[in-house]
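Undergrad: The structure under discussion is supplied below as structure tokens; questions concerning it will follow.
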Amino acid sequence: MSAPFPMFIELTGRRCLVVGASTMGEVKIQSLLASGASVRVVAPSGTPLIEKWARDRKISWEKRPFHPDDLKSTFFVVAATSLQKTNESVLQEAQKRGILCSVAEVSNRCDFYLLLEWLPQVQDPYIKETLVRALSVPSAKPFAAPVLIEEFRKTEPSQTFLKLAIGNALSVVADDGVCDDIIELAQERKHGKARQLIVLALGNMKDPRAAKAAMQLLNDEVVAGHAVMALGMLKAKSSRSSLMPFLQHRRAWIRREAQKAIQRIDGSITSESVSAFDEGAKRKRLSSELRRGA
């Protein structure tokens, strides 16, 4: 069998249909929601989690068997029932209409692999990094984080760019649901500089343990600057005294981040003035470089 061709499709706001609401369907729905799709489910019954998504209006759910008319105005369909005959019917009807279709657990019949399912299977580092970057968007919360965490753990430190890309993705999509894992990864020195972006992910957390972990990491020179940034994002008042010494840090960018973090904590800075501060620092840096060039 030839290798699958990697393909990315922008699903944000696209109407996608999942036929089936079993555990298998759960996985497919998670992947689609992580990609920003508008998900409609057709199935007579489903799992408690799918029931919850429907109640929370993350998906729409029609509790009945599949009908070919369900494919009208659908961009992409997933056949995820336990009945092969139904899955075949969905696939055939989709192909008649030229609609992309994925049949659960029959990979050679799928039009493309959903990102979260494919990521662990891909071995090529370049393709894997491309998949990771495609998941580095807020709409991938919270579904992408567990998969990305496992990928971060198993990626060797020698694969610098891939590991940094995964860390960057987690700094976007990680939330309290994976707080334990993020703290653990941030503290494991074997992950090298890739930990920096993991530490930054602590700034997304509401769990009070995140601020405590970030304060401890101020003593870790490799990630101290990013711990300063995380504490600023958290507006952790208990960290103010610990941040003060960083105003005199030998690295200019860390001094700047410490100043911004303390100002955030003190409540004397808005997002607009943070942007102005960054712009001013950028102008000073460019001016300095021009003087050196002269």
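Undergrad: Which of S35, T155, S239 sits farthest toward the positive end of the charge dipole of the chain, with +1 on the Cβ of Lys and Arg and -1 on the Cβ of Asp and Glu?
TA: The Cα lying farthest towards the positive end belongs to S239.
Undergrad: Helix 224-234 versus the longest principal axis of the chain: what angle, 0 to 90°, nearest 10, using Cα atoms?
TA: 70 degrees
Undergrad: Sticking with this structure for a sec: In whole percent, what relative contact order does the chain give with Cα contacts below 8 Å and a gap of six or more residues?
TA: The value is 10 percent.
Undergrad: When you have a sec, figure out the Kirkwood radius of the chain from all distinct Cα pair distances and drop it here in Å to one decimal?
TA: After inverting the mean inverse Cα-Cα distance, the result is 21.5 Å.
Undergrad: For the chain, with the dipole built from +1 on Lys and Arg beta-carbon atoms and -1 on Asp and Glu ones, taken about the Cα centre, which of V103, L119, G267 lies farthest toward the positive end?
TA: It is G267.
Undergrad: Need the C-alpha centroid separation for segment 195-214 versus segment 145-182, integer Å.
TA: Each part reduced to its Cα centre gives a spacing of 13 Å.
Undergrad: Place a +1 charge on the Cβ of each Lys and Arg in the chain and a -1 charge on the Cβ of each Asp and Glu, then give the dipole magnitude about the Cα centre in debye, rounded to the nearest 20.
TA: Roughly 1140 debye, rounded to the nearest 20.
Undergrad: Label points 7 Å out from Cα along the Cβ direction at T47 and Q248: separation in nm?
TA: 5.6 nm
Undergrad: Run the quick spin-label model on R240 and R64: label points 7 Å from Cα toward the beta carbon, then report their separation in nm to one decimal.
TA: It works out to 6.1 nm between the two label points.
Undergrad: Mean residue ellipticity at 222 nm from the helices of the chain, using -39,500 (n - 2.57) per DSSP H segment of n ≥ 4 over the full residue count, to the nearest 500 deg cm²/dmol?
TA: When only DSSP H runs of four or more count, the value is -15500 deg cm²/dmol.
Undergrad: Quick check: the angle from helix 252-266's long axis to the longest principal axis of the chain, C-alpha only, nearest 10 degrees?
TA: 80 degrees
Undergrad: Cα-based Rg of segment 113-238 per 2.2 N^0.38 Å, rounded to two decimals?
TA: 1.00
Undergrad: What does the highest-first list of 189-195, 204-210, 67-73 look like by mean Cβ count within 10 Å?
TA: Order by mean packing, descending: 204-210, 189-195, 67-73.
Undergrad: With each label point set 7 Å from Cα along the Cα-Cβ vector, what nm distance links E10 and E188?
TA: Spacing of the two 7 Å Cα→Cβ label points: 3.6 nm.
Undergrad: Give me the extension gain from Q95 to D180: residue separation times 0.36 nm, minus the current Cα-Cα distance, reported in nm with one decimal.
TA: Additional length available on full extension: 26.2 nm.
Undergrad: Further, regarding this structure: Between 0 and 90 degrees, rounded to the nearest ten: what's the tilt of helix 125-134 against the longest Cα principal axis of the chain?
TA: Helix 125-134 and the main axis of the chain meet at about 90 degrees.
Undergrad: Jot down the radius of gyration and Dmax of segment 197-270, Cα atoms only, both in angstrom.
TA: Considering segment 197-270 through its Cα atoms, Rg and Dmax are 10.7, 31 Å.
Undergrad: Moving on to the next point. Could you rank the peptides 48-59, 134-145 by their average count of other C-beta atoms within 10 Å per residue, with the highest value first?
TA: Top to bottom by mean Cβ count within 10 Å: 134-145, 48-59.
Here, each number is a calculation from the coordinates, and none is a lab measurement. Not measured: the values here are computed from a predicted model. Positions of Cβ are generated from backbone atoms using ideal geometry, with glycine treated the same way; all protein chains shown enter the neighbour counts.
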